[in-house]
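The values are calculated or read from the model by the stated rules, or taken from the named source; none is laboratory data. The structure presented is a predicted model; accordingly, all values stated were derived computationally and were not measured. Don't worry about glycine lacking a Cβ; one is built from the backbone with ideal geometry, like all the others, and counts go over all protein chains shown.
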Amino acid sequence: MSGVGRAGLRALLLALVLTIDWAAAAAAQERGPVRVALLATTPDDPLAGRIEAELRALGFAVDRAAIPPDVPIDEVVRRQIAAGARAAVVADGHRTDVWIGDGGDRVGLRQELEVDEASGLQSILALRTVEFLRISLGLASEPAVAPIERSPVVARVVAPPPPEPARWLAADVSSGVLASLGGLGVVAVAGISLRAQLAGVVGAEICAFFPLTDSVLAESGGQVRTSVWLAGGGVLFAPRLGRRVSVDAATGALAVFVRATGTPTPAGPGVTDEQTGVALYARAALRFRVMQRLVLRLDVLGGGAVRRPVISVAGRDVASWGPPFAAGLGGAELWF
């Protein structure tokens, strides 16, 4: 091959390489920045705010969205990826869940990162989450805008001590059924409770239960209507609100007030009898967090009377309350 032929061939190859590079650059420009869906249970989640700032600093296009309470998280993530997001990040206070798309409309990789809620390391968690996302997507580590060069400063950085965990206070309302042996059967009740942290997972609670229905007994042709009130408190064992599903337990004592009103015969005068007693109780609850400070609860309570109220009509004992008793309740709890 002559020298002129070789030169022409080299020029042709160079033009081909430049054309391919130009086409790749144009395609990359058309695609634009990588889109990431950022999901959180609340619009003001501080961890989600840190992650959004880090992602935008690296040139990502961030779509913020709230997680609907009635749709599973994995379904929300799949919808975002099917809509064009390369990845999705779920931020939840002190935990992140990173979902990477497989290039289509399905999830190819998932990773969960978490720090202790009281450690104060949420900013480190945000950096780790963004770095894992960048590496998983195979992107360069340089930010979209080159940083301004500054003169190096030599300084000793002393990490501040971790903040003291804040005390918590919670109040709830509930309703359910209360049953006891002794002849009174099952009645509907409503309850209110107040709980507070003392140290670690140990706390205290006070509670009260009010009758919604009365127990009706047939007695010598008449009726005896009986209502029951409970009030007291005890020691609580409950972790700080963090995970979506958690449990707590308590044990303590209750004052019992029983009031019975009725007529021993259809034509006889009405009579009222009031009795008080003391009971010990134990309680367990299953908690479902639906918002940052709102929890749904299912409680089971049981115990026995130390001093049992006895209901008397016309000098005759007709029923008693207490040994043993049990209640099932459901309600909502608000944390402060």
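So the values come out like this:
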| item | result |
| --- | --- |
| Count of residues meeting criterion [over 14 Å from the mean Cα position of the chain (by Cα), surrounded by fewer than 15 Cβ atoms within 10 Å (Cβ to Cβ) and at pLDDT below 95] in the stretch 275-296 | 1 |
| Residues of the stretch 172-219 that turn out to be among the hydroxyl-bearing types (Ser, Thr, Tyr) and surrounded by 15 or more Cβ atoms within 10 Å (Cβ to Cβ), as a count | 4 |
| The stretch 60-86: number of residues that are exposed (fewer than 15 other Cβ atoms within 10 Å of the Cβ) and part of a loop (DSSP other than H, G, I, E, B) | 7 |
| Extreme residue, farthest from residue 281 (Cα to Cα), among residues of the stretch 226-240 that are of a type outside the set (Gly, Ala, Ser) and over 25 Å from the mean Cα position of the chain (by Cα) | 226 |
| Residue match in the stretch 257-274 (condition: modelled with pLDDT of 85 or more, in a strand (DSSP E or B) and under 20 Å from residue 170 (Cβ atoms)) | no |
| Filtered residue count, the stretch 297-336, keeping only those that are within 25 Å of residue 42 (Cα to Cα) and either exposed (fewer than 15 other Cβ atoms within 10 Å of the Cβ) or in contact (Cβ under 8 Å) with a residue 40 or more places away in the chain (or both) | 8 |
| The listed residue being at pLDDT 90 or above and more than 19 Å from residue 216 (Cα to Cα), out of 171, 190, 179 | 171 |
| Answer residue from the stretch 113-132, given it is of a type in the set (Gly, Ala, Ser) and modelled with pLDDT of 80 or more and is surrounded by the fewest Cβ atoms within 10 Å (Cβ to Cβ) among those | 123 |
| Every residue from the stretch 226-248 that is touching a Lys or Arg at 6+ places or on another chain (Cβ under 9 Å) and either surrounded by 17 or more Cβ atoms within 10 Å (Cβ to Cβ) or free of Cβ contacts under 8 Å to residues at least 40 places away in the same chain (or both) | 226, 227, 228, 229, 234, 236, 238, 241, 248 |
| Some residue of the stretch 184-197 being part of a loop (DSSP other than H, G, I, E, B) and over 26 Å from residue 246 (Cα atoms) | yes |
| Residue pairs meeting the criteria (Cβ under 6 Å; at least 6 apart or on separate chains; first of a type in the set (Ser, Thr, Tyr), in the stretch 89-100; second surrounded by fewer than 22 Cβ atoms within 10 Å (Cβ to Cβ)) | 96/113 |
